[in-house]
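Below is one structure, written out as structure tokens, with a few remarks after it.
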Amino acid sequence: MTRTHGDATPPEASYSLDHFIGLYEAKDDPWDNATKWSDQRKYAVAMASLPRERYRRCYEPGCAVGVLSVMLAARCDEVVAVDCVAEAVVQARAATAALPNVEVSRALLPAELPDGTFDLIVVGDLLYYLSAADLQLMLDGLLDRLEPGGDLLAAHFRDRDNPGNYDGFQVHAELAARPSLDRVIHHEDEWFLLDVFRKTD
């Protein structure tokens, strides 16, 4: 089914913190990030898609249990990873405990965006949980913190079984519509959509 920009709408309200806390209360790794092959492949494609060999400072919102944070640490001088769920932060800190260049903290987004700027932002399977207003606030905040010439990698699930659902197609269209971003890499398959955008000077 061919998608169009307006064929699905974001949630009326952003998913609540309680929703995500409940997922971690039910299961240590709610999305099986550490074990599921589709996620292992997605992370491999993400790392291979980073255009530069090395980055100075990376921001990873929605880091979950820190699987991708560990990989990013090998390519970045500093990784600032956050999640809204305290249990996720505990697990991500444990996963990155031997990596002094990774800082993991709790933050509720888009209200609690970090200080400073970044030459890499990596956001995965997060943006479609936000309401239309919060999505725009989040994108505004991310772009304010992305340095000119910096890269933003976004990777989000595509709901092939329910093609009218709000998913990666929609949120990546919002990113692509931002005039300060140039898409430099695009990948789409039966499971996920991945784009790398570069901020223009």
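Checking D134 against (1) in contact with a Pro (Cβ under 6 Å, 6 or more places away or on another chain); (2) surrounded by fewer than 17 Cβ atoms within 10 Å (Cβ to Cβ), only one condition comes out false. Which one?
(2)
List the pairs whose first member sits in the stretch 138-159 and is over 22 Å from K42 (Cβ atoms), whose second member is assigned to a strand (DSSP E or B) and at pLDDT 95 or above, and whose Cβ atoms are under 6 Å apart, counting only residues at least 6 apart or on separate chains?
Close Cβ pairs (under 6 Å, with a partner that is assigned to a strand (DSSP E or B) and at pLDDT 95 or above) amount to R145/F118; E147/D119; P148/K199.
Taking the condition of being more than 16 Å from D125 (Cβ to Cβ) and surrounded by fewer than 21 Cβ atoms within 10 Å (Cβ to Cβ), how many residues in the stretch 56-72 meet it?
3
Of all residues in the stretch 83-114, how many are surrounded by fewer than 21 Cβ atoms within 10 Å (Cβ to Cβ) and assigned to a strand (DSSP E or B)?
Count: 3.
Tally time: how many residues in the stretch 153-166 are more than 21 Å from N33 (Cα to Cα) and either touching a Ser or Thr at 6+ places or on another chain (Cβ under 8 Å) or at pLDDT 95 or above (or both)?
1
If P51 satisfies every condition in (1) surrounded by 17 or more Cβ atoms within 10 Å (Cβ to Cβ); (2) under 13 Å from V122 (Cα atoms) but one, which is the exception?
(1)
Which residues, taken from the stretch 55-70, are under 14 Å from the mean Cα position of the chain (by Cα) and part of a helix (DSSP H, G or I)?
V67, L68, S69
The values are calculated or read from the model by the stated rules, or taken from the named source; none is laboratory data. Everything numeric in this text was worked out from a predicted model, so none of it was measured. Here Cβ is always computed from backbone atoms with ideal geometry, including for glycine, and neighbour counts include all displayed protein chains.
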